[in-house]
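**Student:** Below you'll find the structure I mean.
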Amino acid sequence: MSQRNPMNERYTSDQKRGTTRKSAASAKPVSKAASSVRTTSAKPEKKGLFGGSKKQEPAPAKAPKKTQAVQSARKAEEAPSLSKEEQKEIEKHNKQVKRADREARRERNKEVNRFVPDTAEFKRLNRKRMVYSGVGFVGMVVAIVLSLLIPQQPFISIGLMIASWFFFFMGMRIDTNQLRPLREQGYDKAVRQAQKKANKKKK
């Protein structure tokens, strides 16, 4: 390589002829100390189903619930305030209405039970009921007599008693399921006819 002459005016004069060009490394911004150091938490990051990090969604805000005390207080304010005497009078009136209703139904049931419709269907079913009840009654008497006369053979009397109870049950079933509706229909019809006659007489 060729050496530069140290006696050249460029190197001997005090005037600054130019400036040297800075290198590309010196043009880079200076980073702060410990800026490249990254801190990681000790707890592992939770991952989702496919390996991605699971974002924490904010919990939805709960609507304020009304307490029972507040609701009861509002109901008490809305309800009309009654004195104790008025409440007693209302309760007494309700009891009287219920008692009158029970008495009216009891009287109607008695009248329905006494009423005998003058129809062929009712007469046929009534005869059937009486036959079943009569057979059951006679069977019970015979079973009791046999149990007293032949105590060594209780199975005969027990069998007769079971058969007698069956006939009794059949008679009661005919009375409640078949005769009772016919009595009610006939009674209501008779009451309507009586009301029509009363209205005609008034006119």
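**Student:** Of the conditions (1) open to solvent by less than 70 Å² (accessible area, probe 1.4 Å); (2) at pLDDT 85 or above; (3) in a helix (DSSP H, G or I), P117 clears all except one; give me its number.
**Tutor:** Checking P117 against (1) open to solvent by less than 70 Å² (accessible area, probe 1.4 Å); (2) at pLDDT 85 or above; (3) in a helix (DSSP H, G or I), the one that fails is (3).
**Student:** Could you tell me which of the residues I162, I150 is surrounded by fewer than 16 Cβ atoms within 10 Å (Cβ to Cβ), at pLDDT 90 or above and over 17 Å from R114 (Cα atoms)? Give the steps one after another, and end with the answer.
**Tutor:** Details: I150 fails: at pLDDT 90 or above.
Exactly one residue qualifies, and that residue is I162.
**Student:** Sticking with this one: Among the numbered conditions (1) in contact (Cβ under 8 Å) with a residue 60 or more places away in the chain; (2) open to solvent by 80 Å² or more (accessible area, probe 1.4 Å), tell me where L182 comes up short.
**Tutor:** (2)
**Student:** Out of curiosity, is K196 among the basic types (K, R), modelled with pLDDT of 90 or more and out of contact with any Asp or Glu (no Cβ under 6 Å at 6 or more places or on another chain)? First the steps, then the outcome.
**Tutor:** Numbers: among the basic types (K, R): yes; modelled with pLDDT of 90 or more: no; out of contact with any Asp or Glu (no Cβ under 6 Å at 6 or more places or on another chain): yes.
The answer is no for K196.
**Student:** Being out of contact with any Gly (no Cβ under 7 Å at 6 or more places or on another chain), modelled with pLDDT under 90, on the phi < 0 side of the Ramachandran plot and open to solvent by 70 Å² or more (accessible area, probe 1.4 Å) narrows it down to one of K128, K123, K88, so name that one.
**Tutor:** Selected residue: K88, the only one of K128, K123, K88 that is out of contact with any Gly (no Cβ under 7 Å at 6 or more places or on another chain), modelled with pLDDT under 90, on the phi < 0 side of the Ramachandran plot and open to solvent by 70 Å² or more (accessible area, probe 1.4 Å).
The values are calculated or read from the model by the stated rules, or taken from the named source; none is laboratory data. Not measured: the values here are computed from a predicted model. Neighbour counts run over all protein chains shown; Cβ positions are idealised from the backbone, glycine included. Remember, those area values only see protein heavy atoms, side chains included, never the ligands or the DNA or RNA. Shrake-Rupley method; radii C 1.70, N 1.55, O 1.52, S 1.80 Å.
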